[in-house]
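Worksheet for the structure shown next.
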């Protein structure tokens, strides 16, 4: 049952209640304000503080039923209401919500954006170790460059000049202007529309040009869609790979040494690697009958028999998994007897299989 509702100074003959069939004057012509109750009150004018607006529903069904009509009542900051014949009551938001709450439309849910994919550790390590500068940018505008003005453009690609705002420079060979630009080649079929990158953020990898308002990408796939998680991940990998104690780049296998055990199935292989700075790194594979082989990596002149495989997604894992050759070169096996060379080659292959694979594939950005 709806409460008896009055708008403004409506006399009792114009009262709208649940049993009314019609009204003598439309609600829209009544003075501003909402009155509840029907008792007469004589007194001075009253001030009603109102900082809200809400819909008023009245029963106006032609058959005397519960047909509803809504009119919006908006009250000013201070409303002076003269009511010589009716009582003025202050209507709280709580009361309005209890009476009319069923007619308030629910708030629309915000649109959820698809999750931003996270690149692999190896992919990010490739980018940070090859880059002189890493920046976070927000795209402002993409301008297509005519093919005639884009030398070296591969077939099926479109070159764009990207105008962007620099959000932050994670690492750089020089300062980068707040407003910067870079070129990128995107695979785009003829007459296809370019991607909608305006207002999107990216992590870009490369170097700052002599002009500090221009950034040169390592390649056209040297950017990652930005998210807080991706930026934190890039910063983490960059810190690890540029630390003073980070493992050096592995050039290849230098030499191999295998010793067979006193019983069948027992033996040990030691594989010595060449590195970019000459630091010693060696692999060890120890086999015992009826047991799983033990794999280890030693960083130093002395082979550590207690060494183990490096953890996945670490700098040492990256250097080994992504840079070791697929098999031992013949040159490194020189001087080993055929059975020992075969055993060492098998041990090396098993070592590679024991590590997580190196996934260096770039994440496509659409």
Cβ contacts < 6 Å: first residue free of Cβ contacts under 8 Å to residues at least 60 places away in the same chain, restricted to the stretch 349-365; second residue exposed (fewer than 15 other Cβ atoms within 10 Å of the Cβ), any location; separation 6+ or different chain. Result?
356/312
Any chance residue 220 is over 20 Å from the mean Cα position of the chain (by Cα) and surrounded by fewer than 19 Cβ atoms within 10 Å (Cβ to Cβ):
yes
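Could you check, for the stretch 257-268, whether at least one of its residues is assigned to a strand (DSSP E or B), within 30 Å of residue 361 (Cβ to Cβ) and at pLDDT 95 or above? Give the steps one after another, and end with the answer.
First, pick out the residues of the stretch 257-268 that are assigned to a strand (DSSP E or B): 257-260, 267-268.
Add one more test, that the residue is within 30 Å of residue 361 (Cβ to Cβ), and what stays is none.
Checked the stretch 257-268: no residue is assigned to a strand (DSSP E or B), within 30 Å of residue 361 (Cβ to Cβ) and at pLDDT 95 or above.
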Go through 286, 271 for me and flag whichever is within 20 Å of residue 322 (Cβ to Cβ), in contact (Cβ under 8 Å) with a residue 12 or more places away in the chain and touching a strand residue (DSSP E or B) at 6+ places or on another chain (Cβ under 9 Å).
271
Mind listing whichever residues of the stretch 352-366 are assigned to a helix (DSSP H, G or I) and in contact with a helix residue (DSSP H, G or I) (Cβ under 9 Å, 6 or more places away or on another chain)?
352
Considering each of 251, 287, 319 in turn, give the residue that is closer than 25 Å to residue 121 by Cα and crowded, with 17+ Cβ neighbours inside 10 Å.
319
Selected residue (criterion: nearest to residue 309 (Cα to Cα)) from residues of the stretch 269-293 that are part of a strand (DSSP E or B) and within 40 Å of the chain's Cα centre (by Cα):
283
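Could you tell me which of the residues 321, 342 is farther than 28 Å from residue 129 by Cβ and outside any strand (DSSP E or B)?
Working: 321 fails: farther than 28 Å from residue 129 by Cβ.
Selected residue: 342, the only one of 321, 342 that is farther than 28 Å from residue 129 by Cβ and outside any strand (DSSP E or B).
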Criterion first (in contact with a helix residue (DSSP H, G or I) (Cβ under 9 Å, 6 or more places away or on another chain), assigned to a loop (DSSP other than H, G, I, E, B) and either at pLDDT 95 or above or more than 27 Å from residue 165 (Cβ to Cβ) (or both)) does residue 248 satisfy it?
yes
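The values are calculated or read from the model by the stated rules, or taken from the named source; none is laboratory data. What you see is a predicted model, and the numbers here were worked out from it, not measured in a lab. As a convention, Cβ positions derive from the backbone with ideal geometry for all residues, glycine included, and neighbour counts pool all protein chains shown.
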